[in-house]
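The values are calculated or read from the model by the stated rules, or taken from the named source; none is laboratory data. On a predicted model such as this, the values are computed, not experimentally measured, just so you know. Cβ placement follows ideal geometry from the backbone for every residue including glycine, while neighbour counts extend to all protein chains displayed.
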């Protein structure tokens, strides 16, 4: 079946739903959202903890509440949200092949917004050696097991190790303990605040070097210390790998969208425009692991650029956009392209930097410096205002963002 819509949004997480709600409310025509899961709302559906803003009465929202509110906002604005529908490939620059419960479809749109989000890097991608025993999970897999089996003791495991130290790791610890699983340790490569995990032992500066057991996990080998020469075994039947988010970029990549080297998400400008006219990319597809409220704000901002395209504003063509890349201790920067107008910049480091000065160079020449008042942390981005780009030559080479500390 062939159909045509005005805007096709792929992914019903915070960014995709916010973009759809904004576009539908602005009268963008037929706005359709595709979600491959059984329910819309994205990762927050599984995060039963506060930290997602507040409702209309000022009460704190947990993840499921935030997801429900986002879905309602999109539906009330007039967007169509379809679940259990997967975009499987491209049949043209603005045409997607789709698999739905009702069969195969081909949908053409005037604009496509990719909001496929991010996923945790699985054990295999982290290059942790060992056999393939049962009991090796990501946080998302753990949450799906709890949704399926509830918190009945023994259905998930009895003794667990959690790998990672960010808020997702804390969520995994809470989920495991609520399911009656003893958490024997949290293993984290970066320094973490031990009190965040309550009475659970925390091994900072440590890595999991091997998974043990056949059939079912029996333990993990761990190395600690600066040289990581000291090793020992933690006995467990479950290990949960948390965090280490990577963009879910398969659809973007098969569509020929250039990927940013640091984030491995689509390279976009400040208006979330990709290198393919009419295709936008928003949210954690761009870099992984920003909070839901930040991804939603990005979706709302991108909706304005999509609306301008639908109203007849030409796509910025005719020149090669200036790239933005990182060097030194910085992990990534986004957006990776400098559009017609300068935009805020998100930067994240490889490791903790104390009161760094961010430097900007182009073609080997310095063009700016931005001192930061506080530390730059590997699990938290810093947002720079648009003034960082005042000295950029639009005809020059890539801007390199570095750091002195």
### Message
Go through (1) under 22 Å from the mean Cα position of the chain (by Cα); (2) outside the structural domain of residue 88 (by TED's automatic domain parsing) for residue 275 and report which single condition fails.
### Response
(2)
### Message
Criterion first (surrounded by 15 or more Cβ atoms within 10 Å (Cβ to Cβ) and outside any loop (DSSP other than H, G, I, E, B)) does residue 240 satisfy it?
### Response
yes
### Message
List the strands (runs of 3 or more DSSP E) inside the stretch 329-375, counting only whole elements, that have at least 1 residues being touching a helix residue (DSSP H, G or I) at 6+ places or on another chain (Cβ under 7 Å).
### Response
345-349, 357-362, 365-371
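Considering every residue within the stretch 285-300, establish whether at least one is within 18 Å of the chain's Cα centre (by Cα) and part of a strand (DSSP E or B).
no
Quick one: which residue in 202, 163, 192 is at pLDDT below 90 and closer than 27 Å to residue 52 by Cα?
Numbers: 202 fails: at pLDDT below 90; 163 fails: at pLDDT below 90.
Going through 202, 163, 192 in turn, just one is at pLDDT below 90 and closer than 27 Å to residue 52 by Cα: 192.
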### Query
Residues of the stretch 49-73 being free of Cβ contacts under 8 Å to residues at least 60 places away in the same chain and either in a loop (DSSP other than H, G, I, E, B) or touching a strand residue (DSSP E or B) at 6+ places or on another chain (Cβ under 9 Å) (or both), which ones?
50, 54, 55, 56, 57, 58, 59, 60, 61, 62, 71
### Query
Can you tell me which residues in the stretch 163-178 are within 15 Å of residue 140 (Cβ to Cβ) and in a loop (DSSP other than H, G, I, E, B)?
164, 166
### Query
Yes or no: residue 142 without any contact (Cβ under 8 Å) to a residue 24 or more places away in the chain, within 16 Å of residue 236 (Cα to Cα) and not in a loop (DSSP other than H, G, I, E, B)?
no
## Note on the structure
In the stretch 46-57, residues that are more than 21 Å from residue 145 (Cβ to Cβ) and either within 18 Å of the chain's Cα centre (by Cα) or surrounded by 21 or more Cβ atoms within 10 Å (Cβ to Cβ) (or both) total 2
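Listed residues 31, 43, 7, 113; which is crowded, with 16+ Cβ neighbours inside 10 Å, over 21 Å from residue 312 (Cα atoms) and touching a helix residue (DSSP H, G or I) at 6+ places or on another chain (Cβ under 8 Å)? Working first, answer last.
Working: 31 fails: over 21 Å from residue 312 (Cα atoms); 7 fails: over 21 Å from residue 312 (Cα atoms); 113 fails: over 21 Å from residue 312 (Cα atoms).
Being crowded, with 16+ Cβ neighbours inside 10 Å, over 21 Å from residue 312 (Cα atoms) and touching a helix residue (DSSP H, G or I) at 6+ places or on another chain (Cβ under 8 Å) holds for just one of 31, 43, 7, 113, which is 43.
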